[in-house]
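These notes concern the structure reproduced below.
The values are calculated or read from the model by the stated rules, or taken from the named source; none is laboratory data. Predicted, not measured: the structure shown is a model, and the values here were computed from it. So basically every Cβ, Gly included, is an ideal-geometry build from the backbone, and we count neighbours across all protein chains shown.
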């Protein structure tokens, strides 16, 4: 994914709706259009998906917003928060992947243990002289599922 001017405009509209005082401040800038063009360039170089910027808007709104003395740093603040959120989500997804891998490994090891126990039981019974029909009836449907 890449960050486009449409993405920037969507982010800016959302940001201004959430922070009307910042919207007023942005519009009052003597060089508003060149400032926003610079912000667009900066965001395009730094972020690949507007979802992170939108999430940063929500997070900033929930945690006090942008203070008046921080307004000149709006892009830096938003990008920092967006990158923190992206990193947190990425870390969470990686930990979820590790958990799922461990669960699969555990299930495989349990299946292998069960298969080994079935094989041992089968061999013991075969050595004891059980006939094929007795051996087949000894295996349960659950045992058969272990072997596919």
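A few remarks follow.
- Filtered residues of the range 1-18 (kept if surrounded by 15 or more Cβ atoms within 10 Å (Cβ to Cβ) and in a helix (DSSP H, G or I)): 7, 8, 11, 12, 14, 15, 16, 18
- Any chance residue 79 is out of contact with any strand residue (DSSP E or B) (no Cβ under 6 Å at 6 or more places or on another chain) and modelled with pLDDT of 85 or more: yes
- Qualifying residue in the range 107-114 (condition: touching a helix residue (DSSP H, G or I) at 6+ places or on another chain (Cβ under 7 Å) and surrounded by 13 or more Cβ atoms within 10 Å (Cβ to Cβ)): yes
- Cβ-Cβ under 8 Å pairs, at least 6 apart or on other chains, the range 133-148 side part of a loop (DSSP other than H, G, I, E, B), far side surrounded by 10 or more Cβ atoms within 10 Å (Cβ to Cβ): 139/118; 139/122; 147/115; 147/118
- Single match in 93, 124, 84, 100 (criterion: over 30 Å from the mean Cα position of the chain (by Cα) and either modelled with pLDDT under 80 or assigned to a helix (DSSP H, G or I) (or both)): 124
- Filter result (in a loop (DSSP other than H, G, I, E, B), in contact with a helix residue (DSSP H, G or I) (Cβ under 7 Å, 6 or more places away or on another chain) and closer than 17 Å to residue 17 by Cβ) within the range 39-78: 66
- Among the residues of the range 19-64, the ones that are under 11 Å from residue 78 (Cβ atoms) and either surrounded by fewer than 13 Cβ atoms within 10 Å (Cβ to Cβ) or more than 22 Å from the chain's Cα centre (by Cα) (or both) come to 4 in all.
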